[in-house]
């Protein structure tokens with residue numbers, strides 16, 4: 001049995017935050033029906049580094065987030081398309097959208113309308129700033145939220161700041177927050193029979209991920225330091241230089257610092273008043289780092305990773321993305337699964353990363369081509385071949 005077997009999701013989302021949320025539901029076995037505009041579909045179909053795939057409306061950005069889903073095209077500006085959507089709502093469990101606030105209401109498809117048809121419906125609305133508040137109707141992309149949330153302000157160092165994260169972290173965290181909230185709402189409905197409306201804001205979602213940094217300011221009145229690759233909570237903890245590159249070392253505990261000093265040959269610094277206890281090491285981290293780098297340069301990253309980990313000092317190489325994606329541990333964990341995507345070939349798709357002992361989730365089907373399942377879904381709600389042909393000719397589907 002799949003964890004969400006029998007759960008039907010109507011997915012009206014585009015690009016990343018919404019599709020990332022519904023991807024997790026699809027991987028867990030829910031039937032996720034992507035409802036796309038007949039002309040162009042999900043905007044991500046045209047996003048990616050391979051122009052030929054973009055022209056096929058199967059851009060790499062779309063492929064990455066839409067496995068296990070079905071594609072139904074509906075022009076929701078048309079009355080008949082709205083009727084089809086409402087018919088699907090009758091037997092659906094979840095609706096997810098990431099339009100600007102108010103769009104679904106203007107279409108006549110807002111939560112209040114849908115719950116009249118299906119009181120058990122769970123309606124998740126994902127937006128940049130949420131459904132209410134002074135900024136609710138402002139447009140938002142991931143980088144805008146990174147800037148407004150403080151994420152860019154705490155990244156980098158004094159020579160490079162502000163600095164955005166190298167991937168759309170706010171969109172991704174917002175999508176994960178939505179998936180978590182939807183699962184919680186399903187649990188509540190199981191006990192009460194009631195659906196509900198869920199308001200997810202990307203700005204809200206990213207804030208708790210900065211918990212320690214924010215707590216230092218909110219509770220301790222300490223503004224974040226621009227430490228680059230150093231860990232603000234401990235020292236020595238960060239990125240260091242080796243004979244052939246770089247290494248991350250996190251000697252966060254006192255005994256780990258002392259073992260590190262002994263292993264690399266700076267035992268005398270354990271009694272140096274600048275470095276003896278953690279708070280002093282933090283204050284004097286930029287004096288300590290050159291001593292460590294000098295010793296680490298005597299051998300390779302691979303050598304130090306092995307010897308330090310063996311002693312219980314967390315350390316690791318800093319991998320290029322290609323090496324990271326292909327490392328032995330990732331292969332062992334089945335983080336990716338290879339499937340054939342029509343017109344593209346064999347590609348690696350993200351698998352379910354939570355490992356359930358009884359209800360595992362996984363990639364089963366490749367991302368759908370635009371409108372791939374329209375006929376199947378409409379026949380499932382008793383449309384005839386003639387009706388489907390007529391709807392297509394008139395641009396409804």
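The values are calculated or read from the model by the stated rules, or taken from the named source; none is laboratory data. These figures come from a predicted structure and were not determined experimentally. Here the Cβ positions follow ideal geometry from the backbone for every residue, glycine too, while neighbour counts run over all protein chains shown.
Quick notes
Here is a yes/no grid of residues against (1) at pLDDT below 95; (2) under 16 Å from the mean Cα position of the chain (by Cα); (3) loosely packed, with under 14 Cβ neighbours inside 10 Å:
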{"position": "106", "(1), (2), (3)": "no, no, yes"}
{"position": "130", "(1), (2), (3)": "no, no, no"}
{"position": "133", "(1), (2), (3)": "no, no, yes"}
{"position": "144", "(1), (2), (3)": "no, no, no"}
{"position": "165", "(1), (2), (3)": "no, yes, no"}
{"position": "176", "(1), (2), (3)": "no, yes, no"}
{"position": "179", "(1), (2), (3)": "no, yes, no"}
{"position": "207", "(1), (2), (3)": "no, yes, no"}
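- Taking (1) surrounded by 12 or more Cβ atoms within 10 Å (Cβ to Cβ); (2) touching a residue at least 12 places away in the same chain (Cβ under 8 Å); (3) under 24 Å from residue 22 (Cα atoms) in turn, residue 340 satisfies each apart from (1).
- Search result, residues across the stretch 8-38 that are in a loop (DSSP other than H, G, I, E, B) and either more than 18 Å from residue 369 (Cβ to Cβ) or touching a residue at least 60 places away in the same chain (Cβ under 8 Å) (or both): 12, 13, 14, 15, 16, 28, 29, 30, 38
- Among residues of the stretch 318-337, those that are surrounded by 10 or more Cβ atoms within 10 Å (Cβ to Cβ) and farther than 16 Å from residue 301 by Cβ, counted: 9
- Among the candidates 242, 192, residue that is more than 25 Å from the chain's Cα centre (by Cα) and crowded, with 20+ Cβ neighbours inside 10 Å: 242
- Considering 40, 48, the condition of being in contact with a helix residue (DSSP H, G or I) (Cβ under 6 Å, 6 or more places away or on another chain), more than 18 Å from residue 178 (Cβ to Cβ) and surrounded by fewer than 18 Cβ atoms within 10 Å (Cβ to Cβ) is satisfied by 48 alone.
- Residue 222 satisfies every condition listed in (1) outside any helix (DSSP H, G or I); (2) touching a residue at least 12 places away in the same chain (Cβ under 8 Å) except (2).
- For the criterion of being surrounded by 22 or more Cβ atoms within 10 Å (Cβ to Cβ) and closer than 23 Å to residue 362 by Cβ, residue 64 fails.
- Failed item, numbered, when residue 28 is tested on (1) modelled with pLDDT of 95 or more; (2) surrounded by fewer than 17 Cβ atoms within 10 Å (Cβ to Cβ): (2)
- In the set (1) surrounded by fewer than 16 Cβ atoms within 10 Å (Cβ to Cβ); (2) in contact with a helix residue (DSSP H, G or I) (Cβ under 7 Å, 6 or more places away or on another chain); (3) farther than 28 Å from residue 233 by Cβ, residue 359 fails one condition alone, (2).
- Members of the stretch 265-283 found to be within 15 Å of residue 237 (Cβ to Cβ) and either crowded, with 20+ Cβ neighbours inside 10 Å or in contact (Cβ under 8 Å) with a residue 12 or more places away in the chain (or both), listed by number: 275, 277, 278, 281, 282
- So residue 120, is it in contact with a helix residue (DSSP H, G or I) (Cβ under 9 Å, 6 or more places away or on another chain) and either assigned to a loop (DSSP other than H, G, I, E, B) or within 26 Å of residue 24 (Cβ to Cβ) (or both): yes
- Residues in the stretch 344-355 that are over 19 Å from the mean Cα position of the chain (by Cα) and either loosely packed, with under 12 Cβ neighbours inside 10 Å or not assigned by TED's automatic domain parsing to the domain that holds residue 44 (or both): 2 in all.
- Subset of the stretch 209-228 (residues that are surrounded by 12 or more Cβ atoms within 10 Å (Cβ to Cβ) and out of contact with any strand residue (DSSP E or B) (no Cβ under 8 Å at 6 or more places or on another chain)): 209, 210, 213, 214, 216, 217, 222, 224, 225
- Scanning the stretch 157-166 for residues that are in a loop (DSSP other than H, G, I, E, B) and either in contact with a helix residue (DSSP H, G or I) (Cβ under 9 Å, 6 or more places away or on another chain) or more than 16 Å from residue 286 (Cβ to Cβ) (or both) turns up 161, 162, 163, 164, 165, 166.
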